[in-house]
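K.L.:
Please see the structure below; I have some questions.
The values are calculated or read from the model by the stated rules, or taken from the named source; none is laboratory data. Since this is a predicted model, take the numbers as computed values, not measurements. All Cβ positions, even for glycine, are placed from backbone atoms using ideal geometry, and neighbour counts span all protein chains on display. Each accessible area value is taken on the protein alone, full model and side chains, heavy atoms only, with ligands, DNA and RNA left out. Shrake-Rupley method; radii C 1.70, N 1.55, O 1.52, S 1.80 Å.
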Amino acid sequence: MRNICSHKTVLALSLPTLFFVYHIPYSIRFLEGLIPMGKCELYHADMKLDNAGDKGLNFGSRTDIQTCTYWGAPIIWDGMFNPEVYDRTHTKDHTSVALTVFAVGRYLDVYLKDFLISAELHFMVGFPVTYYVFTDVPEKIPALKLASGRELKLMPVKRHSRWQDVSMMRMKSIRDAIDSCIQHNHQYVFCMDVDQVFRGRFGTEALGDSVALLHAHYYHRFRRMWTYDRNPKSQAYMADSQGDFYYHAAVFGGSWQSVKQITDTCYRTIMEDKKNRVEALWHDESHLNKYFWKHKPSKVLSPEYCWDTSIGYRSDIHIARLLWQEKQYDRLRGTGS
């Protein structure tokens with residue numbers, strides 16, 4: 001859930017960058033797609049793989065993109081894996097997944113039903129999944145028939161007057177849900193924004209101990225164009241020389257232990273900023289990027305796991321598994337939304 005920051009000092013500094021990121025012409029976006037990514041320079045034996053399914057990854061099957069990080073984490077792209085191998089592995093392990101999503105105010109009316117219906121068709125199909133829907137209007141949750149072994153749990157949350165606070169405070173809500181319920185029922189947790197819709201397999205190949213997502217708008221851009229928080233007063237501050245990739249907070253996950261550490265750390269740094277009357281440029285996403293720079297993810301998902309069609313054609317995106325929905329900020333981010 002992103003928009004231009006409300007703080008005037010941040011707005012003045014970031015507006016040119018933000019305009020360039022989201023409003024450049026298709027022709028320039030096409031050309032930036034020609035900027036090569038790095039290459040996977042590690043041997044399979046040097047990889048730090050999470051589970052037996054990862055051992056079947058073919059890192060040399062895609063020569064057009066980067067298939068691993070320098071610290072040995074796989075970057076998952078179409079064509080690198082056999083879905084059946086992953087599914088067999090996780091069936092044997094009796095894997096169960098929690099999917100957290102926030103549907104607060106008018107976001108519930110506009111996005112939640114499509115999100116859940118599409119998740120039933122494409123997200124961890126054939127595996128036990130519990131949707132943890134955090135909402136301030138539980139009476140509006142749509143009645144849906146879910147597949148066997150899948151359920152929905154309502155998680156009441158407080159309504160905030162600013163969407164920025166909804167975005168940042170989700171870290172505390174997820175951490176608390178892991179403590180009270182998720183850790184007793186699921187090995188893995190995914191945390192997603194509600195304004196998305198599944199369009200292809202989002203399966204067990206995405207599971208890992210600590211999972212981050214390459215942001216669709218940044219994965220071909222130079223480091224100087226990544227919009228980390230540059231305010232030294234913020235706990236999310238990143239120097240120009242820091243950072244590995246720019247990650248999207250719309251999707252992150254991992255084992256419940258790792259997601260608890262992620263959300264707890266981000267919540268503490270957000271609250272430290274609040275105490276100092278500081279707000280990071282991209283709110284929880286800025287804090288998440290700082291976390292993943294200091295604590296490297298064990299698996300990275302390619303942008304096909306959260307794609308924005310407004311970017312236009314990219315030859316390296318063979319399938320769009322999860323799509324950004326049309327943003328309706330004027331409608332959704334009024335008072336009390």
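K.L.:
Pop the C-beta distance of residue 121 and residue 52 into the FRET formula with R0 = 25 Å and round what comes out to the nearest 0.05.
P.N.:
0.40
K.L.:
Give me D for the range 52-140 in µm² s⁻¹, whole number, from Stokes-Einstein with Rh from the Kirkwood sum over alpha-carbon pairs, 25 °C and 0.890 mPa s.
P.N.:
156 µm²/s
K.L.:
Right, something else. For the chain, what does -39500 (n - 2.57) per DSSP helix run (n ≥ 4), summed and divided by total residues, give at 222 nm, in deg cm²/dmol to the nearest 500?
P.N.:
So the calculated ellipticity at 222 nm is -9000 deg cm²/dmol.
K.L.:
Let me know the Kirkwood hydrodynamic radius for the chain, please, with Cα pairs as the basis and the value in Å to one decimal.
P.N.:
After inverting the mean inverse Cα-Cα distance, the result is 20.3 Å.
K.L.:
So if R0 is 30 Å, what FRET efficiency would residue 143 and residue 271 give, r being the distance between their Cβ atoms, rounded to the nearest 0.05?
P.N.:
With a Förster radius of 30 Å, E is 0.25.
K.L.:
For the chain, with only Lys/Arg (+1) and Asp/Glu (-1) charged at the beta-carbon, what is the dipole magnitude about the Cα centre, in debye rounded to 20?
P.N.:
Using only the charged Cβ atoms, the result is roughly 780 debye.
K.L.:
Considering only protein heavy atoms, with the full assembly of protein chains and a 1.4 angstrom probe, order 282, 256, 293 by accessible area, largest first.
P.N.:
Order by accessible area, largest first: 293, 256, 282.
K.L.:
Give me the one-decimal nm value for the distance between modelled label points at residue 39 and residue 225, 7 Å along each residue's Cα-to-Cβ direction.
P.N.:
Placing both labels 7 Å along Cα→Cβ, they lie 2.2 nm apart.
K.L.:
Could you tell me which of the pairs 145/290; 55/260; 55/158; 233/260; 153/327 are separated by over 32 angstrom between their Cα atoms in the structure shown?
P.N.:
145/290; 55/158
K.L.:
Averaged per residue, what accessible area in Å² does the chain show with a 1.4 Å probe, protein chains only?
P.N.:
In whole numbers, the chain has 44 Å² accessible per residue.
K.L.:
What ratio of Cα Rg to 2.2 N^0.38 Å holds for the range 138-259?
P.N.:
Computed over Cα atoms of the range 138-259, the ratio equals 1.25.
K.L.:
Around residue 150, which amide H atoms from residues at least 5 apart in sequence, or from another chain, sit under 5 Å from its own amide H, with H modelled in the peptide plane?
P.N.:
The answer is 129.
K.L.:
Can you tell me the Rg and Dmax of the range 196-337, counting just the alpha carbons, in angstroms?
P.N.:
Considering the range 196-337 through its Cα atoms, Rg and Dmax are 15.8, 46 Å.
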